[in-house]
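Visitor: Shown below is the structure under consideration.
The values are calculated or read from the model by the stated rules, or taken from the named source; none is laboratory data. Only a predicted model underlies this, so the values are computations on that prediction, with no experimental measurement involved. Heads up, the Cβs are rebuilt from the backbone with ideal geometry, glycines too, and the neighbour counts pull from every protein chain shown. To get the accessible areas, we keep the full protein, side chains included, count just its heavy atoms, and leave off ligands, DNA and RNA. Shrake-Rupley method; radii C 1.70, N 1.55, O 1.52, S 1.80 Å.
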Amino acid sequence: MAPHPPNPQDLPLVCRDILLEYSNQIMKLGILLFELLSEALGLDPNYLSNIGCAEGLFVLGHYYPPCPQPELTMGTTKHSDNDFITLLLQDDLNGGLQVLKDNKWFDVPPVSGALVINIGDILQLITNDKFKSNEHRVLASKNGPRISVASFFSTNMLPTSKVFGPIKELLSENNSPKYKEITLRDYNIFSFNKGLDGIKALDHFKL
Ligand SMILES: O=C(O)CCC(=O)C(=O)O
Ligand SMILES: [Fe+2]
């Protein structure tokens, strides 16, 4: 949806207007969240937006059909997101989203009208581990279907030469850079080629 909004005619009529309106609102909320995250880092409120964190927005709809033998598979296997932040809307019917903390899986039950905000790998990289991307997964379920809409802040595969590395203002003698500088495209290519194998793509970019 950003930086190049789709031609509305290319979107299915049934969700055209709502998708465009939803993306506009998600962009506004994302910019607000980047302001709050910048302040939490002790930076100017516009810092994260100014370096391009809100430049790219990619909206993905998930449809998980009911699964007759959910114990044999997963809806989505363990991963962290390849972006700065993800704003996730889950339907309030069946649940299934889980987050990993201290090596244990915790349910993230849907709350009507609420979004789940996930920190992605690139925010972890630029904050030099101050904010950590979370690993999550979705269980398969007999009940269903389950529907979710994930809005990823990243320019993803778009060709750009802009590189992101640990933010200089956050570094010090006691906090040296932990990651290489990368383009978002290179990060995504590496991560997609690797697949959801349970290993964080971020580890590959450690110094
Ligand atoms: O369907 C969900 O609730 C989560 C989807 C997800 O983790 C993702 O798209 O990255
Ligand atoms: Fe995810």
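Visitor: Which net charge results when you count Lys and Arg as +1 and Asp and Glu as -1 among the other residues whose beta-carbon is under 15 Å from that of residue 15?
Guide: On the way: positive: 16; negative: 10, 17, 21, 91.
Once all neighbours under 15 Å are counted, the net charge is -3.
Visitor: Would you mind telling me which residue in 178, 194, 104 has the biggest mean-square fluctuation in a Gaussian network model of the chain, where springs connect alpha carbons within a distance under 10 angstrom?
Guide: In this elastic network of the chain, the residue with the biggest mean-square fluctuation among 178, 194, 104 is 104.
Visitor: Run lengths n ≥ 4 of DSSP H only: what is the helix-derived mean residue ellipticity at 222 nm for the chain, with -39500 (n - 2.57) per run over all residues, to the nearest 500?
Guide: Per the formula, -7000 deg cm²/dmol.
Visitor: Report the accessible area of residue 204, computed with a 1.4 Å probe over the heavy atoms of all protein chains in place, in Å² rounded to the nearest 10.
Guide: About 100 Å², rounded to the nearest 10.
Visitor: Give me the number: length gained by fully extending residue 22 to residue 63, i.e. 0.36 nm times residue separation minus the C-alpha to C-alpha distance, one decimal in nm.
Guide: Values: separation 41, 0.36 × 41 = 14.76 nm, distance 1.79 nm.
So the chain would gain 13.0 nm between residue 22 and residue 63.
Visitor: Looking at the square roots a ≥ b ≥ c of the eigenvalues of the Cα gyration tensor of segment 1-135, which shape do they give, rounded for a/c under 1.5, prolate if a/b is larger than b/c, or oblate?
Guide: Numbers: a/c = 2.11, a/b = 1.14, b/c = 1.86.
Taking the square roots of the gyration eigenvalues as a ≥ b ≥ c, segment 1-135 is oblate.
Visitor: Of the residues 123, 11, 171, which exhibits the maximal mean-square fluctuation in a Gaussian network model of the chain defined by a 10 Å Cα contact cut-off?
Guide: Judging by the Gaussian network model, the answer is 11.
Visitor: How many Å² of accessible area per residue for the chain, probe 1.4 Å? Intermediate results must be reported in sequence, preceding the final value.
Guide: Values: 11390 Å² over 207 residues.
With all protein chains present, the chain gives 55 Å² per residue.
Visitor: Out of 75, 8, 184, whose Cα points farthest toward the positive end of the dipole of the chain (charges: +1 Lys, Arg; -1 Asp, Glu; placed on Cβ)?
Guide: Of 75, 8, 184, it is 75.
Visitor: Output wanted: per-residue J couplings in Hz (rounded whole) for segment 24-29, from phi through Karplus 6.51 cos²θ - 1.76 cosθ + 1.60, θ = phi - 60°, x for Gly and Pro.
Guide: For segment 24-29, the Karplus curve yields 4, 5, 5, 4, 4, 5 Hz.
Visitor: Residue 185: accessible area at probe 1.4 Å, nearest 10 Å²?
Guide: Accessible area, nearest 10 Å²: 90 Å².
Visitor: Then there is this: Just report the Cα centroid separation between segment 90-121 and segment 1-57, whole Å.
Guide: Segment 90-121 and segment 1-57 have Cα centres spaced 21 Å from each other.
Visitor: What are the GluC sites (Glu not before Pro) within segment 106-207 that DSSP puts in a loop, where the Cβ has at most 16 other Cβ atoms within 10 Å?
Guide: Numbers: sites: 135, 169, 173, 181; in loops: 135, 173, 181.
Those that pass, being in a loop and sparsely packed, are 173, 181.
Visitor: Please state the shape class of segment 89-207: rounded when a/c is under 1.5, otherwise prolate if a/b exceeds b/c and oblate if not, all from the C-alpha gyration tensor. Walk me through the numbers on the way to the answer.
Guide: Numbers: a/c = 2.16, a/b = 1.81, b/c = 1.20.
Judged from the Cα gyration tensor, segment 89-207 comes out prolate (a/c at least 1.5, a/b above b/c).
Visitor: Taking the Cα centre of segment 12-205 as origin, sum charge times position over the Cβ atoms of Lys and Arg (+1) and Asp and Glu (-1), and report the length of that vector in debye to the nearest 20. Show your work: numbers first, answer last.
Guide: Details: 17 positive and 22 negative charges, 80 e Å.
It comes to approximately 380 debye.
Visitor: For residue 39 paired with residue 192, estimate the spin-label separation in nm (one decimal), with each label point 7 Å from Cα along the Cα-to-Cβ line.
Guide: Spacing of the two 7 Å Cα→Cβ label points: 3.7 nm.
Visitor: Using alpha carbons only, how many degrees (0 to 90, rounded to 10) separate the axis of helix 184-194 from the longest principal axis of the chain?
Guide: 50
Visitor: Further question: How large is ³J(HN,Hα) for each residue in segment 55-67, as worked out from phi by the Karplus curve 6.51 cos²θ - 1.76 cosθ + 1.60 (θ = phi - 60°), to whole Hz, x for Gly and Pro?
Guide: Rounded to whole hertz, the list is 6, x, 9, 10, 10, 10, x, 10, 10, 9, x, x, 10.
Visitor: Where a ≥ b ≥ c are the square roots of the eigenvalues of the C-alpha gyration tensor, would you call segment 143-182 rounded, which needs a/c under 1.5, or, failing that, prolate if a/b is larger than b/c, or oblate? Write out the running numbers ahead of the final one.
Guide: Working: a/c = 4.35, a/b = 2.01, b/c = 2.16.
Since a/c reaches 1.5 but b/c is at least a/b, the shape of segment 143-182 is classed as oblate.
Visitor: Still on this model: For residue 183 and residue 142, compute 0.36 nm times the residue count separating them, minus their Cα-Cα distance, and round to one decimal in nm. Don't jump to the answer; show the numbers that get you there.
Guide: On the way: separation 41, 0.36 × 41 = 14.76 nm, distance 4.02 nm.
Gain on extension, residue 183 to residue 142, equals 10.7 nm.
Visitor: Tell me the net charge near residue 206. Cut-off is 12 Å between Cβ atoms, residue 206 excluded, with +1 for each Lys or Arg and -1 for each Asp or Glu.
Guide: Details: positive: 178, 180, 200; negative: 121, 129, 203.
Combined, the nearby Lys, Arg, Asp and Glu give 0.
Visitor: Turning to a different aspect of this structure: What is the magnitude of the charge dipole of segment 153-207 about its Cα centre, with +1 placed on the Cβ of each Lys and Arg, -1 on the Cβ of each Asp and Glu, and no other charges, expressed in debye to the nearest 20?
Guide: Result for segment 153-207 is approximately 80 debye, rounded to the nearest 20.
Visitor: What percentage of the solvent-accessible surface of the chain, computed with a 1.4 Å probe over protein heavy atoms, is contributed by carbon and sulfur atoms? Don't skip to the answer; put the middle values down first.
Guide: Numbers: 6440 of 11390 Å².
The computed percentage sits at 57.
Visitor: Which one of 160, 76, 86 has the biggest mean-square fluctuation once the chain is modelled by GNM with Cα springs under 10 Å?
Guide: Maximum fluctuation in the GNM of the chain, among the listed residues, is at 160.
Visitor: So, in nm, how far is label residue 199 from label residue 114 when the simple model puts each one 7 Å beyond its Cα toward the Cβ?
Guide: The answer from the label model is 3.5 nm.
Visitor: Could you order 49, 23 by accessible surface area, starting with the largest, using a probe radius of 1.4 Å? Intermediate results must be reported in sequence, preceding the final value.
Guide: Details: 49 35, 23 5 Å².
Sorted descending by solvent-accessible area, the residues read 49, 23.
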